[in-house]
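Have a look at the structure below before the remarks.
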């Protein structure tokens, strides 16, 4: 993605801002301690991701579309595994990767294939996250499925373990995923 930012800035003269989720700096594992499934090799130097390109995990899943980015992606992948294994809910996970421009056409395409959408937004509920824009775009473009979002609490982020009380969590995603799919079946 950083290569895509640099390329876009160079070719179009645009100012590009790249953000990294600090919560993931020391993470190696995705599902279980020691699985190293969050690690990956850097792609070859000629490969770049350009603004608007998304990532899709479990594209065959049709019960629920979970839309997220950054640390929310890791939480969503973990939640999708629990939803599948413990609750029989097949969840497709869409990694937005880019927050501006939001890839809203891709979101709508996958939402229509799944029929239910859950936006897992790690920003605060009223502090400018992407959930409002994603849900509004779906509603304004005639998506008729169920929609819901989960977000962090509107507060500062405390230090240490107390941060887990206010940030987006895997259990929030699981609970909301169960609730929204219950409504659609």
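The values are calculated or read from the model by the stated rules, or taken from the named source; none is laboratory data. Values in this document were obtained by computation on a predicted structure and should not be read as measured data. Neighbour counts run over all protein chains shown; Cβ positions are idealised from the backbone, glycine included.
For the condition out of contact with any strand residue (DSSP E or B) (no Cβ under 7 Å at 6 or more places or on another chain), part of a helix (DSSP H, G or I) and at pLDDT below 90, what is the one hit in 136, 163? Show your work before the answer.
Details: 136 fails: at pLDDT below 90.
So the residue among 136, 163 that is out of contact with any strand residue (DSSP E or B) (no Cβ under 7 Å at 6 or more places or on another chain), part of a helix (DSSP H, G or I) and at pLDDT below 90 is 163.
I'd like to know if region 85-106 contains one or more residues that are closer than 18 Å to residue 145 by Cβ, touching a strand residue (DSSP E or B) at 6+ places or on another chain (Cβ under 6 Å), part of a helix (DSSP H, G or I) and touching a residue at least 12 places away in the same chain (Cβ under 8 Å).
No: zero hits.
One line per residue, one yes/no per condition, for (1) surrounded by 10 or more Cβ atoms within 10 Å (Cβ to Cβ); (2) touching a strand residue (DSSP E or B) at 6+ places or on another chain (Cβ under 7 Å); (3) within 23 Å of residue 84 (Cα to Cα):
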residue	(1), (2), (3)
3	yes, no, no
6	yes, no, no
9	yes, no, no
15	no, no, no
19	no, no, no
25	no, no, no
29	yes, no, yes
33	no, no, yes
38	yes, no, yes
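In this structure, does residue 111 turn out to be assigned to a helix (DSSP H, G or I) and surrounded by fewer than 19 Cβ atoms within 10 Å (Cβ to Cβ)? Steps first, answer last, please.
On the way: assigned to a helix (DSSP H, G or I): yes; surrounded by fewer than 19 Cβ atoms within 10 Å (Cβ to Cβ): no.
In short, no.
Each row is one residue, and each column tells you yes or no for (1) under 30 Å from residue 33 (Cα atoms); (2) modelled with pLDDT of 95 or more; (3) under 17 Å from the mean Cα position of the chain (by Cα).
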{"position": "82", "(1), (2), (3)": "yes, yes, yes"}
{"position": "86", "(1), (2), (3)": "yes, yes, no"}
{"position": "100", "(1), (2), (3)": "no, no, yes"}
{"position": "117", "(1), (2), (3)": "yes, yes, yes"}
{"position": "130", "(1), (2), (3)": "no, no, yes"}
{"position": "141", "(1), (2), (3)": "no, yes, no"}
{"position": "174", "(1), (2), (3)": "yes, yes, yes"}
{"position": "180", "(1), (2), (3)": "yes, yes, yes"}
{"position": "183", "(1), (2), (3)": "no, no, no"}
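May I ask you to list pairs of residues, at least six apart or on different chains, whose Cβ atoms are under 9 Å apart, with the first in region 41-55 being on the phi > 0 side of the Ramachandran plot and the second being part of a loop (DSSP other than H, G, I, E, B)?
52/97; 52/98; 52/101; 52/102; 52/103
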